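**Q** Have a look at this one.
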Amino acid sequence: MAAKDNSLRFAGGGTGFLLIHGLGGTPVELRLVARALARAGHTVHCPQLAGHCGSEDDLLATGWRDWTASVEAELARMKLICDTVIVGGLSMGAVMAMLIAARHRDDVHGLALYAPTLWYDGWSIPWYSFLLKLLINTPMGRRYRFVERPPYGVKDERTRAMIVGAMGGGDSSQAGLLGTPAGSLQQMWALIKDTRRRMGEITCPALVVQAREDDISGLSNAAYIQRRLGGIVDTVVLNDSYHLVTIDQQRDVVIDRSLALAARLSVPGKVRREPASLCAVAAE
């Protein structure tokens, strides 16, 4: 596994956000949103998932249960300092947030789902991608890599250029892996299968933010989640973003709607519990 921990933790009040990055991604995907939520007074933790921010071999050495364990450990920490916990994430991280909510219904009070990805059906995905599941266990399928391609989930050209530069630098802690290996995709499919089975158990309020022009996961994902979750779902459709809604042109909408969810869930008069041994560190 990657030696360095690139998790982000911002100290704040009694309402906390536990935000999960995507498959092969990095907490940096959530940094702008996390900082804004922290400036508004909230505790925000963005853990690095097991096996991430390192090499492809690091990622392949872990599976979806390891990734989920990373989030559950962070949830345990947040329960010590927050009275209200909103779990959210980007892409696969949003799917994992739903599974965490189903597993820990007494501890998760809301969901913030950014570009949730139950399947790849965005406009940049090749039409023949459905064949991958049929071929994944063949020699050719095992060698497959899901390689990022333009526009890399970002509509804003300046931000996209920064991402491309970070990818070229080879530091996966800053821009994630350029390609996701077949073995990790299989692990993601297993996570999605378990999550879909349990979505009806989730009754806490949920925010879903999806771009109309999402290049990776289309609006069908948001529509499915809205139908299947067991609680109130507030769906926001962005008209000027691609997949990475937390860093793209309408990230302020993502922040504002997340803050609105927190306001609805916050308990007036509650004082944050201060643990003796845990200190949340504001990342630079």
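**Q** What is the residue count in segment 59-82 for residues that are farther than 20 Å from D194 by Cβ and open to solvent by less than 50 Å² (accessible area, probe 1.4 Å)?
**A** 3
**Q** Follow-up. Could you list all residues from segment 214-230 that are loosely packed, with under 15 Cβ neighbours inside 10 Å and within 24 Å of F146 (Cα to Cα)?
**A** Of everything in segment 214-230, just one residue is loosely packed, with under 15 Cβ neighbours inside 10 Å and within 24 Å of F146 (Cα to Cα), namely S220.
**Q** Identify, by number, the condition in (1) among the aliphatic types (A, V, I, L, M); (2) in a helix (DSSP H, G or I); (3) closer than 27 Å to G230 by Cβ; (4) in contact with a strand residue (DSSP E or B) (Cβ under 9 Å, 6 or more places away or on another chain) that V87 doesn't meet.
**A** (2)
**Q** P181 is checked against (1) within 20 Å of P126 (Cα to Cα); (2) out of contact with any strand residue (DSSP E or B) (no Cβ under 6 Å at 6 or more places or on another chain); (3) at pLDDT 90 or above and fails just one. What number does that condition carry?
**A** Of the numbered conditions (1) within 20 Å of P126 (Cα to Cα); (2) out of contact with any strand residue (DSSP E or B) (no Cβ under 6 Å at 6 or more places or on another chain); (3) at pLDDT 90 or above, the odd one out for P181 is (2).
**Q** I'd like the residue in segment 8-48 that is over 13 Å from the mean Cα position of the chain (by Cα) and part of a loop (DSSP other than H, G, I, E, B) and, out of all such residues, is surrounded by the fewest Cβ atoms within 10 Å (Cβ to Cβ).
**A** Here is the first cut: in segment 8-48, the ones over 13 Å from the mean Cα position of the chain (by Cα) are 8-16, 32, 35-44.
Remaining after also requiring part of a loop (DSSP other than H, G, I, E, B): 11-14, 40-42.
Values: A11: 17, G12: 22, G13: 19, G14: 19, A40: 17, G41: 13, H42: 24.
If we take residues in segment 8-48 being over 13 Å from the mean Cα position of the chain (by Cα) and part of a loop (DSSP other than H, G, I, E, B), then G41 is surrounded by the fewest Cβ atoms within 10 Å (Cβ to Cβ).
**Q** Under 8 Å between Cβ atoms, at least 6 apart or on separate chains: pull out the pairs that start in segment 34-60 with a residue that is under 21 Å from V95 (Cα atoms) and end on any residue that is among the acidic types (D, E) and open to solvent by 10 Å² or more (accessible area, probe 1.4 Å).
**A** Q48/D5; L49/D66; A50/D66; G51/D58; G51/D66; H52/D58
**Q** I'd like the residue in segment 176-189 that is in a helix (DSSP H, G or I) and open to solvent by 40 Å² or more (accessible area, probe 1.4 Å) and, out of all such residues, is nearest to A94 (Cα to Cα).
**A** Let us first name the residues in segment 176-189 that are in a helix (DSSP H, G or I), namely 182-189.
Within this subset, residues satisfying the condition of being open to solvent by 40 Å² or more (accessible area, probe 1.4 Å) are 186-187, 189.
Numbers: Q186: 17, Q187: 15, W189: 14 Å.
The extreme case among them is W189.
**Q** Which of the residues belonging to segment 192-213 are buried (at least 22 other Cβ atoms within 10 Å of the Cβ), under 15 Å from the mean Cα position of the chain (by Cα) and not small (G, A, S)?
**A** Selection gives T195, L207, V208, V209, Q210.
**Q** Within segment 101-175, considering only helices (runs of 4 or more DSSP H) that don't extend past its boundaries, which have at least 2 residues that are at pLDDT 80 or above? So that I can check it myself, show each step before the final result.
**A** On the way: elements: 131-135, 139-142, 157-169, 172-175.
In segment 101-175, 157-169 are the helices (runs of 4 or more DSSP H) which contain 2 or more residues that are at pLDDT 80 or above.
**Q** For segment 60-72, which positions are more than 16 Å from the chain's Cα centre (by Cα) and of a type in the set (A, V, I, L, M)?
**A** Residues satisfying the conditions are L60, A61.
**Q** Return the only residue of P126, P150 being farther than 19 Å from L19 by Cβ and open to solvent by 70 Å² or more (accessible area, probe 1.4 Å). Even if it seems obvious, please write down each step before you answer.
**A** Numbers: P126 fails: open to solvent by 70 Å² or more (accessible area, probe 1.4 Å).
Only one candidate passes the filter, namely P150.
The values are calculated or read from the model by the stated rules, or taken from the named source; none is laboratory data. The shown structure was predicted, so the numbers you read here are calculated from the model rather than taken from an experiment. When we count neighbours, we look across all protein chains shown, and the Cβ atoms used for this are built from the backbone with ideal geometry, even at glycine. Ligands, DNA and RNA are stripped out before the accessible areas are found, and what is left, the full protein with its side chains, is counted by its heavy atoms. Shrake-Rupley method; radii C 1.70, N 1.55, O 1.52, S 1.80 Å.
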